Amino acid sequence: MSGCVFCKIISGEIKTELVYQDEFVACFKDIKPSAPVHLLVVPVKHIPTPADLTDQDREIIGRMFQVVAKLTEQMGIGKSGYRMVTNIGSDAGQEVPHIHIHILGGRGLGWPPG
């Protein structure tokens, strides 16, 4: 989608350091980090919300979880713990209409969130 900030990051139109990228998934640092480790894992394909997923997107969503596991180990938070957050809709705080997983870690995270 041409107006999507995440699509612009993935295409290189907006410059950022990609932490990871393959044909299905990209990952980069959040510009407003809420924890010492705060990454965003996004599908390369523009998918606004879970309601927009198709049967063909199962591999993409599975790959996102695999990438989270890989990156949390690389960042040194895989064993100590981390939080995965997906906000859906404005009431939940979704700012960019493109499915994404926040990875938060590197410190104790309180509960309940929000």
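The values are calculated or read from the model by the stated rules, or taken from the named source; none is laboratory data. Since the model is a prediction, treat every value here as computed from it, not as a measurement. Glycine gets a Cβ as well: all are built from the backbone with ideal geometry, and neighbour counts include every protein chain shown.
Go over the candidates Gly12, Gly114, Gly110 one by one and state the one that is modelled with pLDDT under 95, closer than 20 Å to Ser2 by Cα and more than 16 Å from the chain's Cα centre (by Cα). Spell out the reasoning first.
Working: Gly114 fails: closer than 20 Å to Ser2 by Cα; Gly110 fails: closer than 20 Å to Ser2 by Cα.
Going through Gly12, Gly114, Gly110 in turn, just one is modelled with pLDDT under 95, closer than 20 Å to Ser2 by Cα and more than 16 Å from the chain's Cα centre (by Cα): Gly12.
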Considering the range 37-57 alone, what residues qualify as being within 16 Å of the chain's Cα centre (by Cα) and in a helix (DSSP H, G or I)?
Pro50, Asp57
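Yes or no, residue by residue, for (1) modelled with pLDDT under 95; (2) on the phi > 0 side of the Ramachandran plot; (3) loosely packed, with under 12 Cβ neighbours inside 10 Å:
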site: Ser2; (1), (2), (3): yes, no, yes
site: Lys8; (1), (2), (3): no, no, no
site: Asp22; (1), (2), (3): no, no, yes
site: Ala26; (1), (2), (3): no, no, no
site: Val44; (1), (2), (3): no, no, no
site: Ile60; (1), (2), (3): no, no, no
site: Val68; (1), (2), (3): no, no, no
site: Thr72; (1), (2), (3): no, no, no
If a residue must be free of Cβ contacts under 8 Å to residues at least 40 places away in the same chain and assigned to a helix (DSSP H, G or I), how many such residues does the range 65-75 contain?
7
May I ask you to list pairs of residues, at least six apart or on different chains, whose Cβ atoms are under 6 Å apart, with the first in the range 76-100 being at negative phi and the second being of a type in the set (Phe, Trp, Tyr)?
Val96/Phe6; His98/Phe6
